[in-house]
1. How many angstrom lie between the Cα centre of the stretch 366-394 and the Cα centre of the stretch 398-449?
2. Counting only other residues whose beta carbon sits under 9 Å from that of PRO30, what net charge do I get with K and R as +1, D and E as -1?
3. Please report the Cα spread of the chain along all three principal axes, rounded to whole Å, starting with the longest.
4. What is the distance, in nm, between label points placed 7 Å from the Cα along the Cα-to-Cβ direction at ASP430 and at VAL381?
5. Take each of the peptides 514-526, 637-649, 153-165, average the number of other beta-carbon atoms within 10 Å over its residues, and list them starting from the highest.
6. Rank-order 565-575, 140-150 by packing density, defined as the average count of other C-beta atoms within 10 Å over each peptide's residues, highest first.
7. So for GLU286, GLU204, fewest C-beta neighbours within 10 Å to most, what's the order?
8. Which of the peptides 613-623, 393-403 is most tightly packed, and how do the rest follow, judged by the mean count of other Cβ atoms within 10 Å per residue?
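Here, each number is a calculation from the coordinates, and none is a lab measurement. Treat the numbers as computed from the prediction; the structure is a model and nothing was measured. Counting neighbours? That spans all protein chains shown, and the Cβs are built from the backbone with ideal geometry, glycine included.
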Amino acid sequence: MNKIFKSTLLLICITLFSKISFAGEGMWLPIFLKSLNEAEMQAMGMKLTAEDIYSVNQGSLKDAIVHFGGFCTSELISDQGLLLTNHHCGYGNIQSHTTLENNYIRDGFWAKSYKDELPNPGLFATFIVRIDEVTDQILEGVTKGMTEKERQSTIDKNIAALKKNFSLRSYEKYVVKPFFKGNQYFAFLTRTYNDVRLVGAPPESIGKFGSDTDNWVWPRHTGDFSLFRIYAGPDNLPADYSEDNVPFKPKHYLPISMDGVAQDDFTLVFGFPGRTNEYLPSYAIEQLVDVLNPSKIAIRDRALKIVDVEMRADPAVKIQYASKYARIANYWKKWIGESLGLKKTGGVQKKKNLEAEFMERVNNKREWTKKYGNLLSEFEVLYKEIEPYALTRDYYNEVVGRNIEIMRVAGYMRRLVNYYDENGEAGYNDYKGRLSGFLENFYKNYRPDIDQKVFASLMKMYVANAKLGVADVVKKEIFMLGTDDYAVLAKHKFFKSAIPFQEKLNAILEKSPEEAINLLKEDPLYKFSSALTAAYNDKAATKYSEISAQLNTLQRKYMAALMEVFPEKKFYPDANSTMRFTYGQVGGYTPRDAVTYTPVTYLEGVIEKYVPGDYEFDVPKKLIELYNTKDYGHYADKNGKLPICFIGTNHTTGGNSGSPAIDAHGNLIGLNFDRVWEGTMSDYNYDASICRNIMVDIRFVLFIIDKYAGASHLIKEMNLVHPKSKKAKASNPKKSAIPKSRD
């Protein structure tokens with residue numbers, strides 16, 4: 001890396017990490033906590049030190065934070081490897097153990113001992129061992145004159161060279177990630193455990209109470225939690241599943257506060273947030289709100305309505321489709337709230353105001369005018385150019401790639417054919433082996449009759465709304481059938497194809513590779529799927545990728561420009577599935593005129609919402625009995641009420657599901673599981689007035705485990721403390737892992 005570029009990068013990094021944003025906003029890297037955040041956090045009431053939260057040399061909070069399956073966060077809450085995460089994070093695993101005879105989704109599951117805990121093949125738990133700043137090594141040799149391809153090639157070579165310096169064991173990885181749109185790089189040394197067993201889960205009438213109606217909504221009354229346990233070999237190191245494995249002994253686990261929360265209490269949320277884009281220009285946000293989100297919402301709305309009718313009519317379908325429905329509905333509702341929030345808070349106008357000030361400053365300094373004077377006009381041109389391709393991409397992904405289930409399988413069959421064509425029988429057999437587990441699980445929860453209805457409805461939408469001629473394939477099929485009834489097209493494709501039917505597809509895959517490939521290539525759904533993909537690739541995908549690459553380059557330049565032109569502004573890195581912390585306070589909000597929400601909900605709210613027999617708002621008989629007798633044990637608050645959920649100003653996103661909510665002393669007070677609907681736009685525009693994260697109160701979690709499920713043996717594993725009392729008395733006395741940080 002040349003000296004001028006190094007100096008520029010150093011200046012950017014100093015600027016970038018020298019400003020603190022509003023408490024609540026930002027997803028911060030823990031390695032900079034000492035220099036950036038510690039003082040402000042302590043001023044807000046935190047009693048911990050930076051070393052208590054992130055340390056490489058001793059046990060700290062970071063050692064209790066676990067990446068759960070690569071898609072959620074979880075935390076250790078006992079010295080026996082007990083993991084707490086969300087019910088919706090563990091839902092797929094709970095479902096995999098569920099049958100009509102043992103309906104763990106409906107009835108819940110509680111292992112009475114270690115031997116009753118259920119293994120989950122493919123589920124893993126990953127720890128962060130260390131984080132390193134590696135910008136100089138990764139950008140060595142990168143120059144301004146490089147093309148994007150040349151730049152990335154140099155970076156890839158540097159990453160490969162850096163990794164060669166490490167002798168990693170089979171369960172370790174050294175992962176390098178870009179930050180600030182590729183202006184900075186950090187590396188994460190990870191350790192992964194693959195023996196993770198299901199310990200306990202409430203019935204979905206608790207763990208999913210409110211289901212889709214209450215999703216992304218406050219007030220909330222959902223006990224969204226489940227329990228797993230990490231198992232290790234006799235040396236406490238990762239090992240493949242074995243009956244001889246033993247519960248994992250962590251470097252640190254979280255003590256649990258029994259004192260609850262109050263308005264303005266300090267909250268720390270630690271986890272693995274997935275993806276945010278806080279620094280996009282106004283043109284991108286405008287396109288999102290006006291064009292892309294409405295299209296995706298409409299597609300999923302139509303698919304969800306079809307599946308909802310089927311689930312309500314048949315309990316077996318409800319079991320099969322519950323997890324899939326929740327997954328599709330999750331982002332459907334998120335996009336609705338996201339657009340609503342961006343409009344309410346003037347997200348687009350805020351961007352335009354910033355851009356106007358940016359241009360004013362740029363035009364007042366010749367050096368900046370030369371470097372950055374055309375940035376925004378280039379954005380405007382490129383976003384106009386990419387719009388039809390972006391819209392078509394969303395239609396293709398939503399219709400062909402996601403919401404018509406069998407099209408996804410047809411896509412996998414295309415890959416199988418490609419492996420054979422490119423690598424012969426060896427490639428075919430390798431990929432077929434990798435597919436076998438997926439196909440088995442897929443058909444277990446698949447109904448061709450339902451998918452056929454979704455196919456008919458969404459193909460009609462595809463023809464009406466997809467741009468650039470990518471739907472001409474469908475129009476041709478309809479014309480050849482001599483009808484405008486898409487149900488006829490669906491029936492024609494499904495019942496002449498082997499792919500929707502497990503036995504028929506298995507019969508093909510059991511033949512020799514050559515025979516199987518020939519049969520697949522003649523299958524009607526295979527041919528239809530291939531034609532749709534070819535049309536999309538030819539008319540949209542290539543051009544979309546080309547413009548997107550230009551936008552990525554421009555965005556990296558814009559990110560550097562913002563930090564240089566606004567040295568007084570408050571910048572923090574976008575989320576990218578790496579370990580982050582965010583801190584804020586417990587607090588309510590006012591979403592609209594004359595409506596104000598308080599920050600805590602109680603069991604009374606569950607009873608108020610109770611609708612007997614309703615799949616979203618039914619309440620277990622035992623929970624009603626506990627409510628009627630007020631048998632809350634020592635989990636009630638000082639007023640004798642049982643808290644359910646609370647909200648705070650922490651800046652969270654997808655991936656933070658299951659993240660611990662930690663108090664000023666380092667104790668667990670809740671479990672993050674959602675955001676309020678009006679604040680889901682925080683991925684693009686955090687606004688403290690309406691952005692709130694939703695957390696299950698840990699006392700409700702313990703109440704369900706103890707008083708409802710009778711699994712008091714699990715409570716005995718935990719360290720229950722009272723940090724707000726002068727003596728900090730423990731309910732289950734155990735040695736604290738960070739005693740100096742507790743009163």
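1. Taking the Cα centre of the stretch 398-449 as reference, the centre of the stretch 366-394 is 38 Å away.
2. Numbers: positive: LYS62, ARG580; negative: none.
Net charge in that neighbourhood comes out at +2.
3. Principal-axis extents of the chain (Cα, largest first): 79, 74, 60 Å.
4. Each label point lies 7 Å from its Cα, and together they span 4.4 nm.
5. On the way: 514-526: 16.9, 637-649: 20.4, 153-165: 14.1.
Most protected by this proxy first, the peptides run 637-649, 514-526, 153-165.
6. Values: 565-575: 17.5, 140-150: 12.4.
Sorting 565-575, 140-150 by mean packing, highest first, produces 565-575, 140-150.
7. On the way: GLU286 18, GLU204 28.
Going from least to most buried by this count: GLU286, GLU204.
8. Details: 613-623: 15.6, 393-403: 21.4.
Answer by packing, highest mean first, reads 393-403, 613-623.
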